[in-house]
């Protein structure tokens, strides 16, 4: 691509330290990824608390979160979309691929920036969670999947909801601490697959531990009768801010 050019990630603040920590970890076989992961999170946290609009990450994550809830709500209500319900087998490979493509297209959007790539990768991970267990994970979460719909249950909804935000941040940070990026193909110049996945997974796990769950909120009297989709939307601003390390809302109130 003649329009492609190398682009370095952020170089101010704590980012150089984060890169050094990642380089030290990569140079130590079986080393602890924790210091590298925490350094990445600190670099992002400090940047966003100075400028919440930096990288366009928060706005992109909020938009993706809205699309995620809508897609999960459709799967919870109607099951697998009719366009991918045509297989004569209960859960064929073709049906799995079609469902995952549908999900990624609904959630990821069409942008081509680094943050959009992070969202797309996290959406692909979420799609794999929907289909990884086939009928047992999808249909079994609600019932017998009458009519081949296989709607997802609240447990899977909340698992995907929480994991998604941690994984977007993990994918984004793994990309940003890489040596160079390409404007046209930001996903190509990532760390080696195994190394990048380990760092992404560590960051995602440690973020998810901090995030509130819509399923837990359903037990609160104030939210009696609210669906997990309703609560997922209600909590979205708070969840995104916590995932990004921004200051928590005052009084612990849910964002409207």
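The values are calculated or read from the model by the stated rules, or taken from the named source; none is laboratory data. Treat the numbers as computed from the prediction; the structure is a model and nothing was measured. FYI the Cβ positions are ideal-geometry reconstructions off the backbone, even for glycines, and counts take in every protein chain you see.
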* Consider residue 219 carefully, then state whether it is farther than 30 Å from residue 30 by Cα and crowded, with 19+ Cβ neighbours inside 10 Å. => no
* **From 62, 68, residue being in contact with a helix residue (DSSP H, G or I) (Cβ under 9 Å, 6 or more places away or on another chain), surrounded by fewer than 19 Cβ atoms within 10 Å (Cβ to Cβ), at pLDDT 95 or above and closer than 24 Å to residue 228 by Cβ** => 62
* Which of (1) under 21 Å from the mean Cα position of the chain (by Cα); (2) modelled with pLDDT under 95; (3) over 29 Å from residue 106 (Cβ atoms) does residue 39 not meet, given it meets every other one? -> (2)
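Which is surrounded by 18 or more Cβ atoms within 10 Å (Cβ to Cβ), modelled with pLDDT of 85 or more and farther than 18 Å from residue 163 by Cβ, of 22, 80?
Values: 80 fails: modelled with pLDDT of 85 or more.
Being surrounded by 18 or more Cβ atoms within 10 Å (Cβ to Cβ), modelled with pLDDT of 85 or more and farther than 18 Å from residue 163 by Cβ holds for just one of 22, 80, which is 22.
Can you name every one of the helices (runs of 4 or more DSSP H) wholly within the stretch 137-222 that holds 3 or more residues which are closer than 24 Å to residue 45 by Cβ and at pLDDT 95 or above? Can you show your working first?
Details: elements: 154-176, 193-208, 214-217.
Per the criteria, 154-176, 193-208.
Does the stretch 97-109 include one or more residues that are over 30 Å from residue 175 (Cα atoms), modelled with pLDDT under 85 and either surrounded by 15 or more Cβ atoms within 10 Å (Cβ to Cβ) or more than 16 Å from the chain's Cα centre (by Cα) (or both)? I'd like the intermediate steps shown before the answer.
Step one: filter the stretch 97-109 for residues over 30 Å from residue 175 (Cα atoms), giving none.
Within the stretch 97-109, none of the residues are over 30 Å from residue 175 (Cα atoms), modelled with pLDDT under 85 and either surrounded by 15 or more Cβ atoms within 10 Å (Cβ to Cβ) or more than 16 Å from the chain's Cα centre (by Cα) (or both).
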* Applying the selection to the stretch 124-136, what residues are at pLDDT 85 or above and not in a helix (DSSP H, G or I)? -> none
